[in-house]
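**Student:** Before we start, here is the structure in question, set down as structure tokens.
The values are calculated or read from the model by the stated rules, or taken from the named source; none is laboratory data. Predicted model only: the values in this text are computed from it and were never measured. Positions of Cβ are backbone-derived with ideal geometry, glycine not excepted, and every protein chain shown enters the neighbour counts.
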Amino acid sequence: MANHKSALKRIRQSQARRLRNRYYGRTMRNAVRKLRATGDKQEAMEMYPKVASLIDRNVKRNLVHKNKAANLKSKLSKKINSL
């Protein structure tokens, strides 16, 4: 267990950040799954900008690497175009 007040505070902060990051990551992954499962091209085209925005926000928060985000968005757009 921590011996200093600052260490206790750091534990509290990292726990809060971890939960917040898990929420952001889970939300993005669920949105990507939902878009991939969509069979309707019109609906997928409407969802794509929102999903791409979620991905970009997670890059900004350093939850996803920028190259992984680019790959995700590229694969999603290819999927939409193939519908």
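**Student:** Among the listed residues Ala69, Ala52, identify the single one that is outside any loop (DSSP other than H, G, I, E, B), among the hydrophobic types (A, V, I, L, M, F, W, C), at pLDDT 95 or above and in contact with an Asp or Glu (Cβ under 7 Å, 6 or more places away or on another chain). Spell out how you get there, then give the answer.
**Tutor:** On the way: Ala52 fails: in contact with an Asp or Glu (Cβ under 7 Å, 6 or more places away or on another chain).
On inspection, the qualifying residue turns out to be Ala69.
**Student:** Just need a number here: residues in region 45-83 that are without any contact (Cβ under 8 Å) to a residue 12 or more places away in the chain and either exposed (fewer than 12 other Cβ atoms within 10 Å of the Cβ) or of a type outside the set (Val, Ile, Thr) (or both). Give the derivation first.
**Tutor:** Quick first cut of region 45-83, residues without any contact (Cβ under 8 Å) to a residue 12 or more places away in the chain only: 46, 49, 53, 59-60, 62, 65-68, 70-71, 74-75, 78, 81-82.
If we keep only those that are either exposed (fewer than 12 other Cβ atoms within 10 Å of the Cβ) or of a type outside the set (Val, Ile, Thr) (or both) too, we end up with 46, 49, 53, 60, 62, 65-68, 70-71, 74-75, 78, 81-82.
Of the residues in region 45-83, 16 are without any contact (Cβ under 8 Å) to a residue 12 or more places away in the chain and either exposed (fewer than 12 other Cβ atoms within 10 Å of the Cβ) or of a type outside the set (Val, Ile, Thr) (or both).
**Student:** For residues in region 33-44 being surrounded by 12 or more Cβ atoms within 10 Å (Cβ to Cβ) and of a type outside the set (D, E, K, R), which is modelled with the lowest pLDDT?
**Tutor:** So the residue we want is Thr38.
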